[in-house]
Amino acid sequence: MKVLHYIYGLNIGGAESFLLNFLSSVHTVDCTFDFCIQSNTIENKDLEKAIIRQHGHIHFIAPYNKRPLKNKNDFKRLVQECHYDVVHFHLNSLLNLFPIVICVKEGIKVIVHSHNSKSNGGLLGNALHRINKNRIRKLDIGRLSCGVEAGEWFFGDEKYCIINNGIISEKFKYNNHIRKIIRELYKIPSECTVIGHVGRFSEQKNHKFIVDVFYEYHINNKNSFLMLIGDGERKDDILERVKKKGLDKSVIFCGNVVNANECLASMDVMLFPSLYEGLPFTLIEAQAAGVPILASDVISKNVSITNLITFKSLNDSPESWSTALMNSIIKSEEQERVQYSEAVKDTEYDSEQTAIKLMKYYREL
C-alpha cells in the first residue's frame, strides 16, 4: 500500500507532531509513506528523518496561495505518476478542494483529517470553509478528526472517526537532572517558578493575554519567569509588549526547540489560554511530564486525561487568571511527576495505539 500525506509544510506544529509520532510507532513492511508539501523550508528535521527512515519520499509542489494553477497541475502530475492507494489530507480548514477532487476523479481513496476547530483565514477564509464544507458532503471520502470540536468544524453532522493525538509518553517522563540542566542553560535559579507555554506565535495561541497574565502574577511573585517556546508571525509584537511591561529580564523566548520534552521538565506550570483549538498535543505532552496546566475553557475537555488541568473562561480578567495560576502551581515531589508518563501511556493517547488504529483505518478504506 502506498500512502501520500498532504500537508502544507514540515514545520513545528500539531499535525507534524502527530505524523512524527505515527511514523515512529508504526510497524509495517508492506506500506510506504510519501509526503507532499508546499513549503521549501523544512523546519521539522526530526520528521524529515522519520520519513527517510520509513523509505518515504518528500515531494514539493507550488504553494496554492501564490501559484494556484501550478499547484493544481503539480499535484495532479504527482498522483498520476506515483499511483497512490490513499492520500491523507492534514488540514486546518477547507480552503482548497482541488487536490481532494483530483484524487476522487483518479479513483484514489481520500482521507480528510481535521486538525483544528477554527480557521485563522479571516472572514473570507471562514466563508470559503463553509462553502467547501457543504461540497465535500457529496464526496466518497474518509473523514478523520483529532477531536469532537474539530470534527464538527469540518464535517458537521457527517460521520467521522476520531484519531487521538498519540504521544510517545516515555519521552516526556520527568527527570530532575534534565530540569537542572535546562534551568542552568536559561540562567533560571532553582528557587524560581517557571510558567511555560509551547505554541506558535499566532493569534490563536493568545500570547498577548499570556503576557498580561504573567505581568499580574509577576507583580506579587518576583522570583518567576515566563518561558515561551515557539516562533511565528506575532513574535515581534509580543517582544514589544514584553518590553513595554518591563518584563525583559523575566521572559525567555526560546524559539523553536528540538527538546521541548526536556523544557517541560523545567516548568512548574503551563499557561494555555488559546482562542480555539482542535485537541492540542502540547497539553497531552505536558500531562505526561507531570506539569499542572491552566487552560481556556474553549479547549476540548477530552484533553483532560489526568488531574492536572484546570479550565478557565477567557472572559475573566488577567488578574483573575493570575490568581488561578497561583492555585495551579503545585510543587510536586519528583516521584509524583514521574508517575504521570505511565498514566498517559495507559490511555488512548499513546502513540502505539494511535498507529494501530490508523493503520487499521487505511486497510479498511
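The values are calculated or read from the model by the stated rules, or taken from the named source; none is laboratory data. Just so we're clear, the structure is a prediction, and the values are computed from it rather than from any experiment. Positions of Cβ are backbone-derived with ideal geometry, glycine not excepted, and every protein chain shown enters the neighbour counts.
Among the residues of segment 266-297, how many are assigned to a loop (DSSP other than H, G, I, E, B) and either of a type in the set (Asp, Glu) or under 21 Å from Ser322 (Cα atoms) (or both)?
11
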Condition first: surrounded by fewer than 18 Cβ atoms within 10 Å (Cβ to Cβ) and in a loop (DSSP other than H, G, I, E, B). Can you find one or more residues in segment 67-76 that meet it?
yes
Taking Leu47 as the residue in question, decide whether it is crowded, with 17+ Cβ neighbours inside 10 Å, in contact (Cβ under 8 Å) with a residue 60 or more places away in the chain and within 20 Å of Ile284 (Cα to Cα).
no
Please verify whether Ile181 is of a type in the set (Val, Ile, Thr), under 30 Å from Ser341 (Cβ atoms) and part of a helix (DSSP H, G or I), treating the condition exactly as stated.
yes
Considering residues that are crowded, with 17+ Cβ neighbours inside 10 Å, part of a helix (DSSP H, G or I) and out of contact with any strand residue (DSSP E or B) (no Cβ under 7 Å at 6 or more places or on another chain), the number found within segment 324-339 is 1
Only one of (1) buried (at least 20 other Cβ atoms within 10 Å of the Cβ); (2) within 24 Å of Leu279 (Cα to Cα); (3) out of contact with any His (no Cβ under 9 Å at 6 or more places or on another chain) fails for Asn92. Which number is that?
(3)
Take segment 109-131 and flag every residue that is polar (S, T, N, Q) and surrounded by fewer than 17 Cβ atoms within 10 Å (Cβ to Cβ).
Asn120, Asn126
Scope segment 99-129; condition under 20 Å from Leu144 (Cβ atoms) and either of a type in the set (Phe, Trp, Tyr) or part of a helix (DSSP H, G or I) (or both); matching residues:
Pro99, Ile100, Val101, Ile102, Cys103, Val104, His129
Of the conditions (1) free of Cβ contacts under 8 Å to residues at least 40 places away in the same chain; (2) assigned to a helix (DSSP H, G or I), Pro189 fails just one. Which one is it?
(2)
Need the failing condition index for Ile195 against (1) touching a His at 6+ places or on another chain (Cβ under 8 Å); (2) among the aliphatic types (A, V, I, L, M); (3) not in a loop (DSSP other than H, G, I, E, B), just the number.
(1)
Given (1) farther than 30 Å from Val303 by Cα; (2) modelled with pLDDT under 95, index of the condition Asp74 fails
(2)
Would you be able to tell me the number of residues in segment 340-365 that are without any contact (Cβ under 8 Å) to a residue 12 or more places away in the chain and not in a helix (DSSP H, G or I)?
1
Contact list please: Cβ distance under 7 Å, first residue in segment 131-152 and at pLDDT below 95, second residue of a type in the set (Asp, Glu), pairs at least six apart or on different chains.
Arg137/Glu158
Among (1) within 22 Å of Gly14 (Cα to Cα); (2) surrounded by fewer than 16 Cβ atoms within 10 Å (Cβ to Cβ); (3) touching a strand residue (DSSP E or B) at 6+ places or on another chain (Cβ under 8 Å), which single condition is Asn223 missing?
(1)
How many of the residues in segment 141-200 are surrounded by fewer than 16 Cβ atoms within 10 Å (Cβ to Cβ) and of a type in the set (Gly, Ala, Ser)?
2
